[in-house]
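Only one structure is covered here, and it is reproduced in the block below.
The values are calculated or read from the model by the stated rules, or taken from the named source; none is laboratory data. Please read these numbers as outputs of a predicted model, since none were measured by experiment. Counting neighbours? That spans all protein chains shown, and the Cβs are built from the backbone with ideal geometry, glycine included. Note: accessible area is taken over every heavy atom of the protein model, side chains too, but ligands, DNA and RNA are not part of it. Shrake-Rupley method; radii C 1.70, N 1.55, O 1.52, S 1.80 Å.
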Amino acid sequence: VNDDTLFFTTGPNATYMVDAYLSYGGAQAGEIRVAWSVPSGASASRYILAPAVGMTSNENSSVVSIRRAATTEQQAGASGGTANDFTNWQEKTIIRTASAGGTAQLRFGQGTSSGTVTVMHADSFLIIERIA
């Protein structure tokens with residue numbers, strides 16, 4: 001789903017640096033998948049640091065450090081059995097727009113179907129800087 005607060009409007013022929021700090025919760029079995037929706041013709045490079053799939057504890061987990069394109073989903077672990085457990089995801093993303101601007105929007109959902117909903121917490125935020 002598109003996140004209803006983690007998005008911004010881009011201009012044409014522009015480059016943005018986005019720092020994403022995500023706090024999410026959900027069942028360990030459900031985990032999370034994250035991607036971006038970007039304007040037509042735009043490209044993005046995502047540099048992700050997130051918990052590894054299959055994590056069992058926030059205090060002792062492996063992490064994934066990987067580069068992805070905007071619309072390529074990355075799956076990560078979730079810490080607990082409820083949506084009220086908190087896990088952290090950090091990502092730096094460079095978004096380059098083409099001749100048309102539009103909306104750049106974070107998308108997320110469960111990595112694996114689970115009866116416990118995966119949620120993005122209100123303390124998640126983006127720092128957006130136009131760099132060109």
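Yes or no: the range 50-61 includes at least one residue that is open to solvent by 70 Å² or more (accessible area, probe 1.4 Å) and at pLDDT 95 or above. No, there is no match, as no residue in the range 50-61 is open to solvent by 70 Å² or more (accessible area, probe 1.4 Å) and at pLDDT 95 or above.
Residue by residue, here is whether (1) in contact with a strand residue (DSSP E or B) (Cβ under 7 Å, 6 or more places away or on another chain); (2) open to solvent by less than 80 Å² (accessible area, probe 1.4 Å); (3) aromatic (Phe, Trp, Tyr); (4) closer than 17 Å to ASN2 by Cα holds:
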site: SER79; (1), (2), (3), (4): yes, yes, no, no
site: PHE86; (1), (2), (3), (4): yes, no, yes, no
site: SER99; (1), (2), (3), (4): no, no, no, no
site: LEU106; (1), (2), (3), (4): yes, yes, no, yes
site: VAL119; (1), (2), (3), (4): yes, yes, no, yes
site: PHE125; (1), (2), (3), (4): yes, no, yes, yes
site: GLU129; (1), (2), (3), (4): yes, no, no, no
site: ALA132; (1), (2), (3), (4): yes, yes, no, no
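I'd like to know if the range 80-103 contains one or more residues that are among the basic types (Lys, Arg), over 25 Å from ALA132 (Cβ atoms), in a strand (DSSP E or B) and in contact (Cβ under 8 Å) with a residue 40 or more places away in the chain. There is no residue in the range 80-103 that is among the basic types (Lys, Arg), over 25 Å from ALA132 (Cβ atoms), in a strand (DSSP E or B) and in contact (Cβ under 8 Å) with a residue 40 or more places away in the chain.
Within the range 75-129, track down each residue that is at pLDDT 95 or above and among the hydroxyl-bearing types (Ser, Thr, Tyr). Within the range 75-129, THR93, THR97, SER99, THR103, SER124 qualify.
Kindly indicate whether THR5 is part of a strand (DSSP E or B), among the β-branched types (Val, Ile, Thr) and within 17 Å of ARG130 (Cα to Cα). So THR5 fails the test. Looking only at residues in the range 11-26 that are in a strand (DSSP E or B) and open to solvent by less than 10 Å² (accessible area, probe 1.4 Å), the one that is nearest to THR103 (Cα to Cα) is VAL18.
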